[in-house]
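Take a look at the structure below.
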Amino acid sequence: MNLTQALLAALTARGATEIFGIPGDFALPLFREFERSGLLPVHTLSHEPAVGFAADAAARTRGGLGVAAVTYGAGAFNLVNAVAASYAERVPLVVISGAPAAHEAASGYLLHHQVKTLDTQWRVFGELTVDRARLDDARRAPDQIARVLDSALVRSRPVYLEIPRDMPAVACDAVPSPALPSFDPERLAACADELLDRLRSASRPVLMVGVEVRRYGLEAKVAELARRLAIPVVTNVMGAGLMADEDISLAGTYLGLAGDPQVGALVEQSDGLLLLGVIVSDTDFAVSARRIDIRHAIHVFDGDVAMGHHVYHGMPPAELIDALLARVPAPAGTPAQRERPGVGPAARPAEDGEPVTPHDIAVAVNALMREQGSLPLACDVGDCLFTAMEIERTPLVAPGYYAGMGYGVPAGLGLQVATGQRPIVLVGDGAFAMTGWELGNAARCGCDPIVLVFNNASWEMLRAFQSESRFNDIGRWDFASMAAGMGGDGRAVRTRAELRAALQAAHATRGRFQLLDIRIEPGVRSPTLQRFVAAVKRLSMPGS
Ligand code: S1T
Ligand code: MG
């Protein structure tokens with residue numbers, strides 16, 4: 001066995017099912033060993049941000065590790081923003097970078113792709129990851145790989161492996177099996193007891209489900225806990241789409257003043273708010289009608305459980321949920337089958353000559369999913385993300401907290417490669433102009449996403465906050481005409497009747513990506529974005 005084979009076997013043992021990457025001369029030997037071993041399929045894309053987004057989405061939707069492999073310098077630095085997003089949104093992404101061989105590093109030359117020093121990249125990725133290793137010694141490599149990959153899973157954050165190009169084919173022992181997180185059982189028991197005491201003494205307890213519940217594969221167990229606790233359950237923006245396949249009634253998605261007022265009141269007036277794996281960020285908590293005092297909540301996040309003025313450290317989420325389930329008996333008898341409600345009453349899509357608005361897109365997608373079954377969503381940043389909050393309970397991957405554009409299309413490819421499910425991609429014209437061209441790789445990756453481009457000729461989300469700025473006029477691109485050149489089918493859509501017909505035709509067509517170039521007038525926004533902007537202006541930009 002060589003070092004690459006040992007690494008691939010260790011990645012597979014920790015849930016990886018593919019690698020996304022772009023090689024370069026410092027990574028050619030590594031990619032050659034990837035190909036020779038055949039242990040994991042390698043999907044190459046066109047630009048490294050997309051490599052990171054696709055690997056991120058693969059991890060989010062399939063569970064386990066996502067893997068992005070790049071060359072040293074120019075490739076790895078292109079990946080930085082995607083890894084930052086994975087760090088912020090708790091994704092176990094493994095970054096594998098080629099690097100100069102030992103004799104090159106010692107040559108005394110300035111090497112191509114080098115920045116300040118040969119260690120600059122190592123230091124940069126130290127800021128974006130929870131663990132890292134340089135695999136320059138085959139005797140140490142197995143333990144280094146095991147430690148770093150296990151860190152990614154336990155912390156659900158990115159990690160970094162740097163492989164000098166004289167190492168991939170070097171003989172190497174197997175990597176130790178995955179290690180389970182360690183914890184103090186007595187402290188865990190005390191934490192579970194106090195958490196339940198606080199919930200039981202509350203008169204208005206509420207459970208908010210966040211991203212960690214997905215990242216640690218706990219949706220089924222948390223759904224069972226929610227049924228046993230019999231308290232209202234909500235998600236937040238980053239948690240939208242969670243529990244979609246569980247038999248549990250969700251009250252809705254919390255988005256402060258920009259969301260459903262009933263959900264806002266439920267959360268903000270709770271005297272026992274359990275934030276389970278929730279990223280408490282400004283996206284949804286800075287637009288609260290009444291600021292939530294986290295000290296009076298119970299916040300389970302990043303291995304800690306904060307209650308009142310004290311914190312239990314080293315509380316692995318999976319073990320905590322098991323401890324809570326052990327303390328809350330299942331109700332007698334079998335629970336009545338619950339109707340899994342959608343977002344709201346199933347509005348029938350209008351099929352008239354009216355121009356399409358973002359809300360019409362949500363209604364049309366809801367109708368399609370009620371007729372044809374649920375489809376997972378991959379969403380970008382912009383009004384498409386706010387529109388996604390109006391779509392029924394279906395799995396969703398989106399940069400709802402880090403909010404970096406360009407995620408949608410690559411994430412749709414990563415989702416379909418990792419799960420085999422055909423996604424609907426929601427993306428604005430500005431974000432599409434960044435990474436939408438990766439659709440040219442769809443056929444090679446075996447993907448045929450349905451892509452809905454919110455083509456409003458505008459950076460509309462920015463215009464909503466600063467309407468006087470002319471730089472938000474980005475021109476109307478004809479994306480429908482560009483689809484064929486990338487191996488897909490494009491349809492320009494202007495009216496609600498055209499939207500309904502185009503969506504049905506796209507859904508019926510397999511084997512080629514389907515692009516709906518939905519022409520929306522600049523200034524026309526979703527109700528959710530409208531409320532969000534009004535709330536932000538009211539709360540943080542008084543007088544604006
Ligand atoms: N660059 C990147 C990589 N991510 C960003 N989030 C931004 C810039 C800032 C930004 C937004 S929203 C937005 C920009 C440029 C405009 C999005 O335009 P489009 O995709 O067409 O969607 P829509 O027209 O629906 O707004 C956020 C606020 O940071
Ligand atoms: Mg736009």
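Any read-out appearing in this document is the output of simple, stated calculations on the displayed coordinates, not a laboratory observation. Treat the numbers as computed from the prediction; the structure is a model and nothing was measured. Virtual Cβ from ideal backbone geometry, glycine too; neighbours counted across all protein chains shown.
Taking the Cα centre as origin and putting +1 on Lys and Arg beta-carbons and -1 on Asp and Glu beta-carbons, what dipole magnitude results for the chain, to the nearest 20 debye?
420 debye
Take the Cα pairs of the stretch 254-395, get the Kirkwood Rh, then feed it into Stokes-Einstein at 4 °C and 1.567 mPa s and tell me D in µm²/s.
70 µm²/s
When only C-alpha pairs under 8 Å and at least 6 residues apart count, what is the relative contact order of the chain, in percent?
13 percent
What does the net charge come to around His43 if you take all other residues with beta carbon closer than 14 Å to its beta carbon, with K and R at +1 and D and E at -1?
-3
Per the Kirkwood treatment, what hydrodynamic radius in Å, one decimal, follows for the stretch 185-327 from the mean inverse distance over all distinct Cα pairs?
About 14.9 Å, per the Kirkwood formula over Cα pairs.
Ala508 label point, 7 Å along Cα→Cβ, cut-off 16 Å on backbone N: hits in the stretch 366-405?
Hits in the stretch 366-405 for Ala508 at 16 Å: 368-369, 371-373.
At Glu194 and Ala497, where each label point lies 7 Å from the Cα along Cα→Cβ, what is the point-to-point distance in nanometres?
6.5 nm
Ignoring everything except DSSP H segments at least 4 long, calculate the 222 nm mean residue ellipticity for the chain; use -39,500 (n - 2.57) per segment, divide by total residues, nearest 500.
-11500 deg cm²/dmol
Counting DSSP beta bridges with both partners in the stretch 185-327, what percentage is antiparallel, nearest 5?
35 percent
What FRET efficiency, computed as 1/(1 + (r/R0)^6) with R0 = 45 Å and r the Cβ-Cβ distance, is obtained for Ala179 and Ala443, rounded to the nearest 0.05?
0.65
Considering amide H positions built from the backbone, and no H for Pro or chain starts, which residues 5 or more places from Asn236, or on another chain, come under 5 Å of its amide H?
Here the answer is Val209, Tyr254, since their amide H atoms fall under 5 Å of that of Asn236.
Ratio of the stretch 358-533's C-alpha Rg to 2.2 N^0.38 Å, to two decimals?
0.94
Can you pull the three principal axis extents for the Cα set of the stretch 1-54, in Å, largest first?
31, 26, 14
Just want to confirm a number: the relative contact order over the stretch 358-533, from Cα pairs under 8 angstrom separated by 6+ residues, in percent.
Dividing the mean separation by the residue count of the stretch 358-533 yields 24 percent.
Fully extended, how many nm does the chain gain between Asp322 and Leu110 (0.36 nm per residue separation, minus their Cα-Cα distance)?
70.9 nm is the gain from fully extending Asp322 to Leu110.
Where the convex hull is taken over the Cα atoms of the stretch 382-486, what is its projected area averaged over directions, in nm²?
Spelled out: convex hull of the Cα atoms, projected over all directions, averaged, 7.0 nm².
How high is the relative contact order of the stretch 454-535, in percent, counting Cα pairs under 8 Å that sit 6 or more residues apart?
Value for the stretch 454-535: 38 percent.
Could you tell me which of rounded, prolate or oblate describes the chain, using a ≥ b ≥ c as the square roots of the eigenvalues of the alpha-carbon gyration tensor, with rounded for a/c under 1.5 and, failing that, prolate when a/b is larger than b/c and oblate otherwise?
Here the chain falls in the oblate category.
Sort Met208, Met369 so the one with the fewest other Cβ atoms within 10 Å of its own Cβ comes first.
In increasing order of surrounding Cβ atoms, one gets Met369, Met208.
Normalise the Cα radius of gyration of the stretch 39-170 by 2.2 N^0.38 Å (N = residues in it) and let me know the number.
In units of the globular-protein estimate, the stretch 39-170 measures up at 1.01.
How long is the gain from His310 to Arg228 if the chain were fully straight, where each residue apart is worth 0.36 nm and the alpha carbon distance is subtracted?
Using 0.36 nm per residue and subtracting the Cα-Cα distance, I get 26.9 nm.
For the charge dipole of the stretch 185-327, defined by +1 on Lys and Arg C-beta atoms and -1 on Asp and Glu C-beta atoms about the Cα centroid, which residue among Val237, His309, Gln269 has the Cα displaced farthest towards the positive pole?
Gln269
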